[in-house]
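Have a look at the structure below before the remarks.
None of the figures in this text is laboratory data; all of them are computed from the coordinates on show. As the structure is a prediction and not an experimental result, all values here were calculated from the model. Methodologically, a virtual Cβ is constructed for each residue, glycine included, from the backbone with ideal geometry; neighbour enumeration extends over all protein chains shown.
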Amino acid sequence: MRCNSFLQHTRVLWVTDLKHSHGYFMFTDFFCYIPSRNPKEVQYLIDWYFNMELTMQYNSSVGGWTGFTPAGLITAAKFNADKHDVVQRILERELVCQRKTVISVEPNVSLQTVEDNVLTLECSTLDFYPKHIRLTWFSNGQEVTEGVTFSDVLPNGDWTYQAHTYLTLTPGKQDHISCMVQHASLKEPKIYNYESSKNQTENYIIGGVCALLLGAVFLCGGLIHYKLRRRSFAIKC
């Protein structure tokens with residue numbers, strides 16, 4: 001899954017002073033521009049209008065305010081010199097843009113056997129966001145803690161992460177093994193069952209036998225129908 005660039009837009013309007021019939025008013029547009037999952041590329045923009053005229057703009061990529069009118073130039077310089085305003089805009093970018101506009105991404109999960117001297121299963125979760133994820137092994141419905149190892153949650157470099165967990169199986173035991181994944185993108189935990197090659201072979205054999213039996217039933221039914229029609233024809237003759 002890949003996020004297309006998008007723009008989150010919020011407008012705040014307030015009246016500052018009414019002196020004439022048309023009134024003097026001021027409003028601002030707040031924007032969050034997110035071109036990718038890289039948090040460094042998120043841009044926080046504020047357009048400041050006075051009487052429908054754009055007077056100045058804040059741009060987080062620029063790092064301050066830019067004035068476009070004589071009054072805007074004065075106000076922008078004043079805001080840029082105010083350390084409290086600078087810190088406030090940095091916090092707003094983090095709280096408004098980075099934390100509230102990122103969509104959680106469901107992990108891609110695979111459950112497979114690792115080729116090794118000892119039979120080991122690998123439960124891999126790829127391309128998920130946010131970072132926190134929980135992986136749990138189960139054997140016959142009971143949580144397994146022995147023979148379990150976990151990798152670190154590794155960043156992919158595009159705002160997504162990957163994590164892996166491994167379970168070493170006891171030779172000769174054919175338990176019902178499953179891996180449960182818990183993540184913020186999931187409404188409820190998802191369970192992925194492991195099927196050994198033996199179970200897969202048994203399933204193929206059972207499926208083949210069922211197909212043969214079903215074919216035999218249709219064949220017998222056809223023969224009976226044919227004989228009945230033939231007997232009916234002989235009686236009429």
Taking the Cα centre as origin and putting +1 on Lys and Arg beta-carbons and -1 on Asp and Glu beta-carbons, what dipole magnitude results for the stretch 108-194, to the nearest 20 debye?
280
Going by how many other Cβ atoms sit within 10 Å of their own, how do H183, H164 line up, fewest first?
H164, H183
